[in-house]
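Participant: Can you read through this structure? Questions will come right after.
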């Protein structure tokens, strides 16, 4: 018996067309799909660093998968710039409600027998607090790396965001983030030829 058709992956694949940092002039365009991949790799790394160096027992694979989908709702909502999203409690609550509805709409696109399997990755509120903490840290780290790249490209538009995000990372001072900033982040400033030797 043939299975009913699902539009889920065709729809989610359109994240590549959604631009990030819409209120700012970008030297390097970034889309939500590329950002999601980077957040997933960073979250996976942070989870492994936590487990290896800081006594954690988190599931790095589950965290990486949830991070891949962390902005999937933006295929419905678009990318809401942070200054707007967090402008006030009312705005944050309203946008939170929209995100919850978008999560439900995306899940509804899946075959019924797969919805339960995907729900823990698409519904942020279902994720363990430690997972959400590491995904949020990876998201912030990705934003800081983007700002760094823009400033290196001569785009001073990103300097204030670069400083604000770095301050936030240092205030939160998650040990795995501090480890990443010390061990991995400096290489982002190096030219390609220096990375392989």
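Bear in mind these aren't lab numbers, they're just calculated from the coordinates by the rules spelled out. Everything quoted here is computed from the prediction, not taken from an experiment. Neighbour counts run over all protein chains shown; Cβ positions are idealised from the backbone, glycine included.
Participant: R0 = 25 Å: FRET efficiency of residue 183 with residue 152, Cβ-based, nearest 0.05?
Facilitator: In this case the efficiency is close to 0.80.
Participant: Can you tell me the 0 to 90 degree angle between the C-alpha axis of helix 159-172 and the longest principal axis of the chain, rounded to 10?
Facilitator: Roughly 80 degrees, rounded to the nearest 10.
Participant: Answer rounded, prolate or oblate for segment 1-53, using the Cα gyration tensor with square roots of eigenvalues a ≥ b ≥ c: rounded when a/c is under 1.5, else prolate when a/b is larger than b/c, else oblate.
Facilitator: oblate
Participant: Sort the following peptides by mean Cβ neighbour count (other Cβ atoms within 10 Å, averaged over residues), highest first: 22-33, 125-136.
Facilitator: Ranking the peptides 22-33, 125-136 by packing returns 125-136, 22-33.
Participant: Moving on to the next point. Under the rule a/c < 1.5 gives rounded, and otherwise a/b versus b/c splits prolate from oblate, where does segment 58-148 land using the Cα gyration tensor?
Facilitator: It comes out oblate by the Cα gyration axes.
Participant: Starting from the 7 Å offset along Cα-to-Cβ, what nm value, one decimal, do you get for the label separation of residue 59 and residue 130?
Facilitator: Placing both labels 7 Å beyond Cα along the Cβ direction yields 1.2 nm.
Participant: Quick check: the angle from helix 112-122's long axis to the longest principal axis of the chain, C-alpha only, nearest 10 degrees?
Facilitator: It works out to around 20 degrees.
Participant: Going by a ≥ b ≥ c, the root eigenvalues of the Cα gyration tensor, does segment 8-185 fall in the rounded group (a/c under 1.5), the prolate group (a/b larger than b/c) or the oblate group?
Facilitator: Oblate, since a/c reaches 1.5 and b/c is not below a/b.
Participant: What is the distance in Å between the Cα centres of segment 121-172 and segment 48-119?
Facilitator: That distance is 15 Å.
Participant: Also, I was wondering about something else. With labels modelled as points extended 7 Å from the Cα through the Cβ direction, what inter-label distance (nm, one decimal) is found for residue 92 paired with residue 52?
Facilitator: If labels sit at residue 92 and residue 52, their model points lie 3.4 nm apart.
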